[in-house]
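The values are calculated or read from the model by the stated rules, or taken from the named source; none is laboratory data. Small disclaimer: the values here were computed from a predicted structure and weren't measured. Methodologically, a virtual Cβ is constructed for each residue, glycine included, from the backbone with ideal geometry; neighbour enumeration extends over all protein chains shown.
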Amino acid sequence: MSPDQSPNMLSRIQAISFDLDDTLWDCAPAIRNAEKALYEWHKQKTPAITKVHSPESLMEFRKEVRAAYPELTRCVTAIRKQGLKTLLLEYGYPEEWAEEAFAVFYKARSEVVLYEGVIDMLDRLNQTFRLAAITNGNADLQSIGIEKHFERIYAANLTLLEKPAPDMFHQCLADMDIPADALLHIGDNPVTDVHGAAAVGVQTLWFNPYNHDWPEHLEPPNFEVQAIPDVVTLFQQ
Ligand SMILES: [Mg+2]
């Protein structure tokens, strides 16, 4: 814990923003399931593609698409759709099918298992603080069932740059009309979440469930917790 951690800093907090992937749920299993669901869709609808491509070679294909469309990589939805369009066209299928394929992927991608205590934490924090979500991903909070907890939801897109860029933090502060240090950002990533938020003066809490060492070259977070219920405890001190 940082020497900066003090009740005085906590007392300034009016709003809390959350990273989503790997902060409120484990992201990798959802992405794996989504890739599987999408491959099954390809098998049914576009067999010419699955005759040639394994799930692994499709990942390689997407890497090539990312290299060809660097300007789209800042939006995971845009680059995913572009990858699908390019793939469909290459095998003689209508590129409009990319929307249906994306919907299959997106539905499974949003079937996440919340970490223990997330709903309780959001319920409790909501009684005192305004809550926001600030994500570089594209999870659907409505289908996950926690949308109602958040006053504002920001997802990186082609104009709102991904963390650690200041865009989404600035937008959140402006929309909520609060000073930077009245916002506490909670996230698992030392660079995109903690460093990104601290760079604009936002207070930071590092969610560190696997007890990793803090990267020495970065300024430490204001607060650190290992488990979701500890976030609530922090405000009860
Ligand atoms: Mg994360």
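Only one of Ala197, Ala139, Ala133 is small (Gly, Ala, Ser), within 16 Å of the ligand (Cβ to nearest atom) and assigned to a strand (DSSP E or B). Can you tell me which? If you could, list the steps in order and put the result at the bottom.
Working: Ala197 fails: assigned to a strand (DSSP E or B); Ala139 fails: assigned to a strand (DSSP E or B).
When all the criteria are applied, what remains is Ala133.
Scanning for something part of a helix (DSSP H, G or I) and at pLDDT below 95, does segment 115-123 turn up at least one residue?
No, there is no match, as no residue in segment 115-123 is part of a helix (DSSP H, G or I) and at pLDDT below 95.
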Practice task
Please specify each residue of segment 181-194 satisfying the condition of being in a helix (DSSP H, G or I), surrounded by fewer than 24 Cβ atoms within 10 Å (Cβ to Cβ) and either within 13 Å of the ligand (Cβ to nearest atom) or among the hydrophobic types (A, V, I, L, M, F, W, C) (or both).
Solution key: Ala182, Pro190, Val191, Thr192
Completion exercise
For segment 172-189, pairs from a residue that is closer than 18 Å to Ile153 by Cβ and outside the structural domain of Phe223 (by TED's automatic domain parsing) to a residue that is more than 16 Å from the ligand (Cβ to nearest atom) and part of a helix (DSSP H, G or I), with Cβ under 7 Å and 6 or more apart or across chains, are none
Problem - Selected residue [part of a helix (DSSP H, G or I) and within 16 Å of the ligand (Cβ to nearest atom)] from Ile79, Ile31 - result: Ile31
Fill in the blank from the handout: Scanning segment 200-237 residue by residue, those part of a loop (DSSP other than H, G, I, E, B), out of contact with any helix residue (DSSP H, G or I) (no Cβ under 8 Å at 6 or more places or on another chain) and surrounded by fewer than 16 Cβ atoms within 10 Å (Cβ to Cβ) turn out to be Pro209, Tyr210, Asn211, His212, Asp213, Glu216, His217, Gln226, Ala227
